[in-house]
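Written out below as structure tokens is the structure these notes cover.
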Amino acid sequence: MTTSFPAPGDKTSLEEGLVFTPKFDRDGLITVVTLGAEHGEVLMVAHMNAQSLARTLETGEAWYWSRSRQALWRKGETSGQLQRVVELRTDCDQDALVMRVEVGGDGGCCHTGRHSCFYRVVQSEDGGPARLVMAE
């Protein structure tokens, strides 16, 4: 398995070219927004390093880098809620990814058992302190 990607070229080739040259941050990570394939809802936001990105591309299953555990993480390996990649996109400067997935198993994508990690809404009325309410 290869974990290296080509270095970015000039601005034009980066933005208009057809070579995938992901730009990892100083910690070697790239942010991934994961969407449900069927409805496009945001399921989670996570990070990948070069190894997890390469493994995702090779297997067609979502692999991430766990910053808290400092370890490679195959989403759903213990819960059965594996994520099959339907589409992977990069933004204009190739420093962020959007991945559409189909989630297997029962339950949801979130470790709390919910369908999405984004199950609360932040509200603030009349400039008061922000509070959380459960999304419907």
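In the chain, how does Rg compare with the Kirkwood Rh, expressed as the Rg/Rh ratio over alpha carbon atoms?
Answer for the chain: 1.03.
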Helix 50-59 sits off the longest principal axis of the Cα atoms of the chain, rounded to the nearest 10 on a 0 to 90 degree scale, by 90 degrees
In region 1-65, the trypsin sites (Lys or Arg not before Pro) that sit in a DSSP loop and have at most 14 other Cβ atoms within 10 Å of their own Cβ are Arg26
Ordered by number, the GluC sites (Glu not before Pro) in region 28-108 that occupy a DSSP loop and have at most 15 other Cβ atoms within 10 Å are Glu38, Glu41, Glu77
Counting only DSSP loop positions in region 64-127, the trypsin sites (Lys or Arg not before Pro) whose Cβ has at most 10 other Cβ atoms within 10 Å are Arg69
The set of residues whose placed amide H lies less than 5 Å from the amide H of Leu43, leaving out same-chain residues fewer than 5 positions away, is Thr34, Leu35, Gly36
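Any read-out appearing in this document is the output of simple, stated calculations on the displayed coordinates, not a laboratory observation. All of these numbers come straight from a predicted model, not from anything done at the bench. Glycine gets a Cβ as well: all are built from the backbone with ideal geometry, and neighbour counts include every protein chain shown.
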